[in-house]
Amino acid sequence: MQSSERFLQRANNNLNSAISALELSYNSLKDLGSPQKGAMREMLATRALLDSQREIINHNKEWIAFAKNQVTQAKEQLKIDMIEYEKFKYLELQEIKAELKKMNAKEAKDLDEIALMTYIGKAR
């Protein structure tokens, strides 16, 4: 269960990193300005930068989708592990109850024997 908790924590951290990277990508895209005048070479360079930034944004969106999927899977695994842990605790409790019941039955039998021996001893 602890490994599932750690995996969920890492998945959440990964998701937060992906979200931060996407925000940074959008901010970088906003900062890129189009040249209003100048050589065609500058326009093409700016367009290449914009295309590159859009690709980075798409990559970060995919990363976020992947990270969300990881978080979902980690939550499901943690839920399964918690259910298994609760089952184990319940079964362990049932074993303890059964053992106590056996001990109480043996103790009652021993007390009955002692009482019977005491009664027989007094009857003589």
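Laboratory data are not the source of any read-out in this text; all were calculated from the coordinates shown. This one's a predicted model, so the numbers in the text were calculated from it and none came from an experiment. Using ideal geometry, Cβ is built from the backbone for each residue, glycine included, and neighbour counts are taken over all protein chains shown.
Counting only residues that are more than 43 Å from the chain's Cα centre (by Cα) and not in a helix (DSSP H, G or I), which one in region 19-54 is nearest to N69 (Cα to Cα)?
S34
Report yes if K109 is basic (K, R), surrounded by 11 or more Cβ atoms within 10 Å (Cβ to Cβ) and out of contact with any Cys (no Cβ under 6 Å at 6 or more places or on another chain), otherwise no.
Numbers: basic (K, R): yes; surrounded by 11 or more Cβ atoms within 10 Å (Cβ to Cβ): no; out of contact with any Cys (no Cβ under 6 Å at 6 or more places or on another chain): yes.
Judged against the criteria, K109 is not a match.
Working only within region 26-58, note down all residues that are among the acidic types (D, E) and either touching a residue at least 60 places away in the same chain (Cβ under 8 Å) or surrounded by fewer than 11 Cβ atoms within 10 Å (Cβ to Cβ) (or both). Step through it out loud before you land on a result.
Taking region 26-58 and keeping what is among the acidic types (D, E), we get 31, 42, 51, 55.
Across region 26-58, the qualifying residues are D31, D51.
Tell me whether region 92-107 contains one or more residues that are of a type in the set (G, A, S), under 30 Å from N27 (Cα atoms) and within 40 Å of the chain's Cα centre (by Cα).
Residues of region 92-107 that are of a type in the set (G, A, S), as a first pass: 98, 105.
With the extra rule that they be under 30 Å from N27 (Cα atoms), the set shrinks to none.
No: region 92-107 contains no residue that is of a type in the set (G, A, S), under 30 Å from N27 (Cα atoms) and within 40 Å of the chain's Cα centre (by Cα).
Just give me the residues in region 59-84 being of a type in the set (G, A, S) and free of Cβ contacts under 8 Å to residues at least 40 places away in the same chain, in sequence order.
Filtering region 59-84 for residues of a type in the set (G, A, S) gives 65, 67, 74.
Across region 59-84, the qualifying residue is only A65.
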